[in-house]
């Protein structure tokens with residue numbers, strides 16, 4: 001029998017959440033908790049999810065509870081598509097999973113593998129937006145600059161040509 005480890009469960013849930021592309025508000029609703037509590041858990045080592053939340057997350061992500069709570073797991077790269085298929089008959093989950101994903105998800109799972117972006121020597125924000133608009137034409141990208149700067153996959157530097165302009169490229 002595998003032993004429950006709250007820190008492993010926390011790490012797994014947060015990794016799967018990040019890979020799912022759903023908003024923190026939607027994820028909190030799925031788990032039956034507040035987005036504020038999830039933010040506390042994300043930012044503080046001592047906070048963990050209780051057993052009932054781990055069970056709900058395991059069910060949503062289609063991962064055995066015993067695995068979610070005892071083994072560090074790597075979510076599949078196509079987790080969002082897997083979840084869309086699994087929850088296609090659940091109207092609440094289906095809507096959440098078919099809404100536009102989060103900006104951080106788009107950066108890591110779409111922009112980082114887009115050929116135009118990968119093959120560039122760096123692009124201004126307006127050109128990065130054009131690439132993303134190919135996939136999500138109606139998306140509001142108000143937080144794109146800050147999300148790009150937070151991303152572990154993207155390098156941000158000052159333009160040598162334009163004042164107050166950043167250039168973004170893959171690390």
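All of the numbers you see were taken from the coordinates with simple rules; none came from a lab. Remember, predicted model here, so these are calculated numbers, not experimental data. All Cβ positions, even for glycine, are placed from backbone atoms using ideal geometry, and neighbour counts span all protein chains on display.
Rounded to whole Å and sorted largest first, list the principal axis extents of the Cα atoms in segment 6-98.
36, 26, 21
State the label only: which of (1) 19.4, 77; (2) 14.8, 40; (3) 17.8, 61 corresponds to Rg and Dmax of the Cα atoms in Å computed from the shown model?
Looking at Rg and Dmax of the Cα atoms in Å for this model, the match is (3).
Note down the Stokes-Einstein diffusion coefficient of segment 1-41 in µm²/s, whole number, using a Kirkwood radius over alpha carbon pairs, 37 °C, and 0.692 mPa s.
Values: Rh = 10.9 Å.
After rounding, the answer is 300 µm²/s.
Which shape class, rounded, prolate or oblate, goes with segment 60-132 when its Cα gyration tensor gives a ≥ b ≥ c as root eigenvalues, a/c under 1.5 marks rounded, and past that a/b bigger than b/c marks prolate?
oblate
Please report, in Å, the Rg and the Dmax of segment 103-170, where both are computed over Cα atoms only.
Calculated on Cα positions, Rg and Dmax stand at 11.0, 31 Å.
From the helices alone, meaning DSSP H stretches of at least four residues, give me the mean residue ellipticity at 222 nm for the chain, per-run term -39500 (n - 2.57), in deg cm²/dmol to the nearest 500.
Per the formula, -14500 deg cm²/dmol.
How high is the relative contact order of the chain, in percent, with contacts defined as C-alpha pairs under 8 Å that are six or more residues apart?
22
Can you tell me the relative contact order of segment 103-170? Whole percent, Cα pairs under 8 Å, sequence separation 6 or more. Write out the running numbers ahead of the final one.
On the way: 75 pairs, mean separation 27.4, N = 68.
Over segment 103-170, the number comes to 40 percent.
What FRET efficiency do you get for residue 78 and residue 171 if R0 is 25 Å and r is their Cβ-Cβ distance, rounded to the nearest 0.05? Kindly include the intermediate steps, with their values, before the conclusion.
Details: r = 23 Å, r/R0 = 0.91.
The calculated FRET efficiency here is 0.65.
Quick check: Cα centre of segment 51-112 to Cα centre of segment 129-156, how many Å?
If you average the Cα positions of each part, the centres end up 21 Å apart.
Among 67-77, 21-31, 7-17, how do they line up by average Cβ neighbours within 10 Å per residue, starting with the highest? Don't jump to the answer; show the numbers that get you there.
On the way: 67-77: 15.8, 21-31: 18.6, 7-17: 20.4.
Top to bottom by mean Cβ count within 10 Å: 7-17, 21-31, 67-77.
With the chain treated as a Gaussian network of Cα nodes joined by springs under 10 Å, which of 158, 56, 129 yields the largest mean-square fluctuation?
158
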